[in-house]
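The values are calculated or read from the model by the stated rules, or taken from the named source; none is laboratory data. Keep in mind the model is a prediction, meaning the values are calculated, not measured. When we count neighbours, we look across all protein chains shown, and the Cβ atoms used for this are built from the backbone with ideal geometry, even at glycine.
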């Protein structure tokens, strides 16, 4: 086993942390969303359809930005009846504060059958 000095270990840790930070650069979309969300004048509108939250519209006049968050749902069925919906994904649309972005709507991307039967033990 190799023995390291405290200074060598601290330098190795600092190098590893710097590598990690470099690999975690935010995408342009993440930077856009972060700037709107961190703004002091952030406006959030919840968009619903049939009492289901289908998305959000978030704006900042100071940043001159807005985006919509469209939720994508999977319908859950049991015995042919809808028993629930699960968020299976999210899509974003971005624009300036004054742009007219399309409001999110109920968007079903699939269906899965709920099976609540307990498996038989051995």
* Structure fact -> When segment 107-122 is checked residue by residue, the ones that are farther than 11 Å from residue 55 by Cα and assigned to a strand (DSSP E or B) are 108, 109, 110, 111, 112, 113
* Asked: Taking segment 68-106 as the region of interest, how many residues are modelled with pLDDT of 95 or more, in a strand (DSSP E or B), over 12 Å from the mean Cα position of the chain (by Cα) and within 13 Å of residue 54 (Cβ to Cβ)?
  -> 1
* Asked: Do we have residue 54 as touching a residue at least 40 places away in the same chain (Cβ under 8 Å) and in contact with a strand residue (DSSP E or B) (Cβ under 6 Å, 6 or more places away or on another chain) here?
  -> yes
* Restricting attention to segment 41-50, does a residue exist that is under 18 Å from residue 100 (Cα atoms), assigned to a strand (DSSP E or B) and touching a helix residue (DSSP H, G or I) at 6+ places or on another chain (Cβ under 8 Å)? -> no
* When you go through 85, 116 one by one, which is the residue that is surrounded by 14 or more Cβ atoms within 10 Å (Cβ to Cβ) and at negative phi? -> 85
* To do: Quickly run through segment 23-53 and pick out the residues that are loosely packed, with under 12 Cβ neighbours inside 10 Å, over 18 Å from the mean Cα position of the chain (by Cα) and farther than 23 Å from residue 74 by Cβ.
  => 23, 40, 41
